[in-house]
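**Q** First the structure, then my questions, so here it is.
Just so it is clear, none of the values below were taken in a lab; they were calculated from the coordinates. Bear in mind the structure is a predicted one, so any value in this text is a computation, not a measurement. Don't worry about glycine lacking a Cβ; one is built from the backbone with ideal geometry, like all the others, and counts go over all protein chains shown.
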């Protein structure tokens, strides 16, 4: 861990967002293809002490799980629309191929799998934490992985089960209505643990990360994607996406629950996970497509490995 | 694979009753049952290509050549008996009048999929020069591949050679393909419904009723199922009709008469002359043979077809030479005219004089007549169905672009399918197929508009318009950037005629 080089964003006004990858020089790394480059953005000034106190305040002492119940109710209400590609989950469907490209790239490299194979994840056990309707779980299963999808909302699991049974390749997915903490209690372990667009809905991100880490085998992979707590993210993910464009129902996200990349790296570090790579998702309004980029000011995804 | 046995638990989480099902044993059983049902289902495919013509086979070859897609099982539905056997085209066979001009972009595509080596074993003719003029004699344009630093402008190949090359290419791979020598009669797709009960042994029929597969019924009574149906069945596409795609288009009230002719010497240049009734094109096909594509109104076309061979050869030479109007005057490089200030960066062909095309000595094949029309499907994709080639778009043959657009479709679709598989997508999903449409539709529409524009511009004999066209010829001949742009666009190197920054 001492050899790792951690460069933190400098909090200055109007500065160009510096591009950085967390890389381990012992592993052969190829740069992730970035197609969109952000030319000007405002990076928020970071006060780590303030953030730490916020995290502590969020800790619920009584509940064993890291879930927020208001969040659960929110998702339960629109559960039937998971697989409607034009419905409330349209942005997630549009984002799916992009996050899968990152997952495929990082996991293939980490587990030394053939990137040109049609089923590169053959032999890997993957858990999709907060799987929802299974939007991420199904493609992972098609890529050959043995997938377990968990979600705290039972309606989601029902929808996920029904949809997965439509295709023989995905009907092998194991869906459970449970939480990460429960799985830890059952002492389950997975080669890769993925929690995509989940941590911003969780009451205690630090505890959540500890659970994710406990589910990962030693030298396994953990992938987390979420939204940055930046001014730009407030403007795009909350104002634009929820209030103006109506891509997401109002109240889907709370800006105060977002994590900055530095915070995520720190809490993962404390959970024995070293973040090795990070990338951003950028939306091009002209083409209507998402792409991977170095711009982590709004949506970002992090890949880390569990220390042995 | 290790599976951890999960016990049955009943957990109360803050008032929510959650039941955890025991999955281990039942999932393991289900998995082995599913695997078994798959090996028994011979009529289930990943991709069903309806139409085994040049474009359909090009798609299949392309899927066979990429590592991400070569494991897919493909069914090819075409009643053409030639598909089942290996084709031997004898070198002594006279050239078939049905030929296509393949652009350099298509040649690259063929090389990528490994089919071009088979084309090279048969008759094919590269050409590096092209001359275009009209009956008014007011202007002409010569294009040379050297203008854009390339060796060739294109290659003229008989359709049967292209087709058999693709077949040979596919047969030499381990690609899982099954040929159904029949016609498509009906097709059914059901939207996925979540109210169907879970079947523990999903057969093809159950999967079909769940909307996971499309069902195709063939004229010989067999049925098959596929995740994706590709309509590559030509201008009168049955797939397009069954899927309910609406089309836009019009008939050109012109027919094209095609035949093979012979000269006394070799020809390496493509010639096109616009006459009052339509363009006449002379394309080299190798061994002193050339192909004629002559567009005219239907009455004249049937007259031409029925007249005796010698008369036909006479009128051919007349049309290519002095018929209907004088030769354009060549502008020698020394003279000063309004274009001289463009010539700083002059293309090689700007200095070339007007040449008369080689004389036709005799007819070498039967004459065939085809009606011409423009047709474009308003949509190329819907759930589990996609159109490529002439099924999606039919154009005027005046620039030899038709089949090249189709090959472009095949190339793009196979790439999109590979990208989909790379991220574990269901290949029949509309969101994935829409990416193909977004890439091909604008390019195809622009090309169709350009060709249609030409067709209309050249079908009117009106003094001022004739002079405008002459100016256009001069412009294309002497304004080098314009000529280079035209050549790049026609070669398939450039997707749109103007360097627009959008839609990249």
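**Q** Please compute the contact order of the range A:69-306 in relative form: average sequence separation of alpha-carbon pairs under 8 Å and at least six residues apart, divided by the residue count, as a percent.
**A** Rounded, it is 18 percent for the range A:69-306.
**Q** Also, quick follow-up: Taking R0 as 22 Å, what FRET efficiency do you get between residue A:187 and residue A:219 from their Cβ-Cβ distance, rounded to the nearest 0.05?
**A** The value I calculate is 0.80.
**Q** Now, a different point. How high is the FRET efficiency from residue B:306 to residue B:419, r the C-beta distance, R0 60 Å, rounded to 0.05?
**A** Computed FRET efficiency for residue B:306 and residue B:419 comes out at 0.70.
**Q** Could you work out how far apart the two model spin labels at residue A:70 and residue B:93 are, taking each label as a point 7 Å from the Cα in the direction of the beta carbon, and quote it in nm?
**A** Here the answer is 7.5 nm between the modelled labels.
**Q** What percent do you get for the relative contact order of the range A:163-280 when only Cα pairs under 8 Å and 6+ apart count?
**A** 24 percent
**Q** So, one more: Calculate the length of the line joining the C-alpha centroid of the range A:144-189 to that of the range A:97-118, in whole Å.
**A** The range A:144-189 and the range A:97-118 have Cα centres separated by 21 Å.
**Q** Under a point spin-label approximation (7 Å from Cα along Cα-to-Cβ), what is the residue B:366-residue B:315 distance to one decimal in nm?
**A** According to this spin-label approximation, the distance is 2.0 nm.
**Q** Given C-alpha coordinates of the range A:69-306, what is the ratio Rg to Rh with the Kirkwood estimate of Rh?
**A** A ratio of 0.93.
**Q** Note the per residue figure in Å³ for the convex hull of the C-alpha positions in the range B:379-504.
**A** Per-residue hull volume (Cα only) is 113 Å³.
**Q** Which whole-angstrom value gives the distance between the alpha carbon centres of the range B:102-164 and the range B:262-291?
**A** Each part reduced to its Cα centre gives a spacing of 13 Å.
**Q** For the range B:217-235 and the range B:460-491, write down the distance between their C-alpha centroids in whole Å.
**A** 44 Å
**Q** To the nearest 0.05, how large is the calculated FRET efficiency for residue B:287 and residue B:351 if R₀ is 22 Å and r is the Cβ-Cβ distance?
**A** 0.15
**Q** Rank the residues A:209, A:176, B:269, A:108 as a footprinting-exposure proxy: fewest other Cβ atoms within 10 Å of their Cβ go first.
**A** A:108, B:269, A:176, A:209
**Q** Going by how many other Cβ atoms sit within 10 Å of their own, how do B:487, A:173, B:152 line up, fewest first?
**A** B:152, B:487, A:173
**Q** Next question, about the same structure. Taking just the alpha-carbon atoms of the range B:114-176, what radius of gyration and Dmax come out, in angstrom?
**A** For the range B:114-176, the Cα radius of gyration and maximum Cα-Cα distance read 17.0, 57 Å.
**Q** Tell me, B:122, A:201, A:243 in order of fewest to most beta-carbon neighbours within 10 Å?
**A** The order, fewest Cβ neighbours first, is A:243, B:122, A:201.
**Q** Starting from the Cα of residue B:149, step 7 Å along the direction of its Cβ; do the same at residue B:220; then give the gap between the two resulting points in nm.
**A** 5.3 nm
**Q** Taking 0.36 nm per intervening residue step and subtracting the Cα-Cα distance, what contour gain separates residue B:111 from residue B:322 on full extension?
**A** Result: 71.9 nm gained on full extension.
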